[in-house]
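The values are calculated or read from the model by the stated rules, or taken from the named source; none is laboratory data. Computed from a prediction, not measured in an experiment: that's the story for all the values here. Cβ placement follows ideal geometry from the backbone for every residue including glycine, while neighbour counts extend to all protein chains displayed.
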Amino acid sequence: MKHFKFKKKTILFLVVGTIFLTTSFKSKFFEIAKQIEIYNTLFKELNMYYVDEINPAEFTNKAIKNTLKDLDPYTSFYNEQDVEDAKIRREGEYSGIGTAVYYTKKGIQIKEVYKGFSADKAGLKAGDIIISIDGQLLKNMERDQLSMFLKGTSNSKVSVEIERQGKLINKELVREKVVINPVPFYEMIDDETGYITLTRFNNKASSEVKKAYRSLKKKGMRKLVFDLRYNPGGSLSEAINITNFFIPKGKVIVTTKAKIKKWSNTYKGTNEPLDLEIPIVVLINGRSASASEIVSGSLQDYDRAVIMGQRSFGKGLVQRYRTLTYGTQLKLTISKYYTPSGRCIQELDYTNRDAKTGEVPKFSDNQINEFKTEKGRTVFDGGGVMPDIEIKTSKRTNVTKNLLKSKAIFNFASDYFYKNPIIADAENYKFSNTDFKNFTKFLETDTTFVTEQERLFKEAYLSSNNSSISKEYKKIKEKLFKNKISEISKNQDIISVLLEEEVLEKYYYKQGVYTHHLRNDEAIFEAVKLLKNEDSYKQILSRK
């Protein structure tokens, strides 16, 4: 009898639970359907009766992006052109003229010219602004429109009018297949130490790293400096493949945990490694993110490499593309990833964003947790991968961060290029203190680097419409500028390196920047120094 009562209660519980889940599901489904219907009717009314014409695609694009902006910066809606751009980043090739660009109100500004491709052969330079293509003026065009002009069928011709230093120049270019190599440079630093830089984890990353590694081994490499600085990440599978080059087959490389069970996985090395013995130093900095952190974090957890540089970015989230209608896509965050020791190195806690201010708290501001590497060394979660050896730099001021988001460094380097026809060769060039002072003077005329205080003060002055206070305005404006220069000067060590790289690129392409690094970069110098001291290297990896 008791058993029968228990059975009845169990059945009743299951029925109630099923009804609750079904009701909950229906309620949620109804709410989604309701909101979609509200949007549809609103859009219909606006389109029919609003006094001016509405661009449906632009209107919807903005609505979707505003919907997603409060989640995290990696969950994004891609229209058809965005989908094509993302495909190029993943696959590392497209048909075009061989440039990286900025989209401006005047037209398409050349940010970088890739050596040996069509734009380079035609003599285009960084800083040139393409103002018309095949007779079509580009002024005030939207980014989505501009991005379509330079790409096209291989061997097709395109006529461009460019503005360079106030002069107009006409050029004819031929579109061609452009391949973006994720390993743009590898070389022997000395007789036994090889250097490989990986700039992105596109679909060619692991094959190109393997190719570079084997080439350097033939040249006598017995130690490796692997540079992941400024690498924003990319393909999870490529990160797994590259980590597997240096750890045994079957070892856990990364684990993902998602709301959907099928997206929660443990990934192990499935291939035979390239080398389990070669001493490695991995270089990282604050711009090393995502897949870069999977590789550096996993190698650190297995005590397989010494990690050197600055704390990495702290992106412990995984995204996946979902196909939508009409050729569009949604890239959304589906899971968090964990290194072999169990660490999630995610820095920003988007779930607990402040509803009023929009401020996102940091995990590293609260208590972070200890984990152990394979040999028992202590490592931590939250806030990126902490290097085993830190290469210290000055702490960036908020004004410096503002500077680095602007085009001021690029603009100065472009101006420098035309004022200085000849500089020292790539290996020996040095950006001097005098050059830095000239940069601060250049900022007096640059309009892209404006602090919040300068912007607000200018707006207040213009809105006052009072010419009698122009002298006072000028004095305060000068004082604000001096404060700005004072703040960025605190980071002269960081800014000078970036200026040096930008200048070198204008004369010697990216290749010149890497050649310069090989002989002048402090982190590379320290990495080689450590690799030459076998006892110190082993001590770091066994230190508890």
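Data overview
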read-out	value
Given (1) surrounded by 15 or more Cβ atoms within 10 Å (Cβ to Cβ); (2) at pLDDT 95 or above; (3) not in a strand (DSSP E or B), index of the condition GLU272 fails	(1)
Set PHE412, PHE417: member being in contact with a helix residue (DSSP H, G or I) (Cβ under 6 Å, 6 or more places away or on another chain), in a helix (DSSP H, G or I) and farther than 25 Å from LYS482 by Cα	PHE417
Among residues of segment 481-498, those that are buried (at least 18 other Cβ atoms within 10 Å of the Cβ) and within 15 Å of ASP227 (Cβ to Cβ), counted	0
Test result for LEU224, of a type outside the set (Gly, Ala, Ser), part of a strand (DSSP E or B) and in the same structural domain as GLY314 (by TED's automatic domain parsing)	yes
Helices (runs of 4 or more DSSP H) completely within segment 420-503 that count 2 or more residues being touching a helix residue (DSSP H, G or I) at 6+ places or on another chain (Cβ under 6 Å) and closer than 30 Å to HIS516 by Cα	433-442, 470-489
Among residues of segment 187-216, those that are part of a loop (DSSP other than H, G, I, E, B) and not basic (Lys, Arg), counted	8
One residue from GLU472, GLU501, GLU478 being at negative phi and crowded, with 18+ Cβ neighbours inside 10 Å	GLU501
Of residues in segment 476-507 being out of contact with any Ser or Thr (no Cβ under 9 Å at 6 or more places or on another chain) and of a type in the set (D, E, K, R), the one nearest to SER414 (Cα to Cα)	GLU505
Verdict on ALA100 being touching a Lys or Arg at 6+ places or on another chain (Cβ under 6 Å), closer than 28 Å to SER207 by Cα and either outside the structural domain of SER335 (by TED's automatic domain parsing) or buried (at least 17 other Cβ atoms within 10 Å of the Cβ) (or both)	yes
Answer residue from segment 405-449, given it is among the aliphatic types (A, V, I, L, M) and without any contact (Cβ under 8 Å) to a residue 24 or more places away in the chain and is surrounded by the fewest Cβ atoms within 10 Å (Cβ to Cβ) among those	ILE422
Boolean, LYS315 is in the same structural domain as ILE189 (by TED's automatic domain parsing), basic (Lys, Arg) and not in a loop (DSSP other than H, G, I, E, B)	no
Hey, GLU238 touching a residue at least 12 places away in the same chain (Cβ under 8 Å), in a strand (DSSP E or B) and of a type in the set (Asp, Glu) or not	no
Residue among PRO182, PRO232, PRO248 that is part of a loop (DSSP other than H, G, I, E, B) and surrounded by 20 or more Cβ atoms within 10 Å (Cβ to Cβ)	PRO182
Residues located in segment 326-362, provided they are at pLDDT below 90, part of a loop (DSSP other than H, G, I, E, B) and out of contact with any helix residue (DSSP H, G or I) (no Cβ under 8 Å at 6 or more places or on another chain)	ARG353, ASP354, ALA355, LYS356, THR357, GLY358, GLU359
Test result for TYR473, among the aromatic types (Phe, Trp, Tyr) and either within 20 Å of ILE284 (Cα to Cα) or in contact with a Ser or Thr (Cβ under 6 Å, 6 or more places away or on another chain) (or both)	no
Where a residue in segment 29-55 is under 16 Å from THR67 (Cα atoms) and its partner, wherever it lies, is in a helix (DSSP H, G or I) and among the hydrophobic types (A, V, I, L, M, F, W, C), with Cβ under 8 Å and at least six apart	TYR39/ALA63; PHE43/PHE59
Residues located in segment 145-204, provided they are aromatic (Phe, Trp, Tyr), without any contact (Cβ under 8 Å) to a residue 60 or more places away in the chain and within 24 Å of ASP82 (Cα to Cα)	PHE149
Qualifying residue in segment 357-370 (condition: within 25 Å of the chain's Cα centre (by Cα), within 21 Å of ILE247 (Cβ to Cβ) and among the hydroxyl-bearing types (Ser, Thr, Tyr))	no
Residue among LEU168, LEU146, LEU124, LEU138 that is surrounded by 15 or more Cβ atoms within 10 Å (Cβ to Cβ), within 27 Å of TYR507 (Cβ to Cβ) and of a type in the set (A, V, I, L, M)	LEU124
All strands (runs of 3 or more DSSP E) inside segment 64-179 with 1 or more residues being within 30 Å of ILE32 (Cα to Cα)	76-78
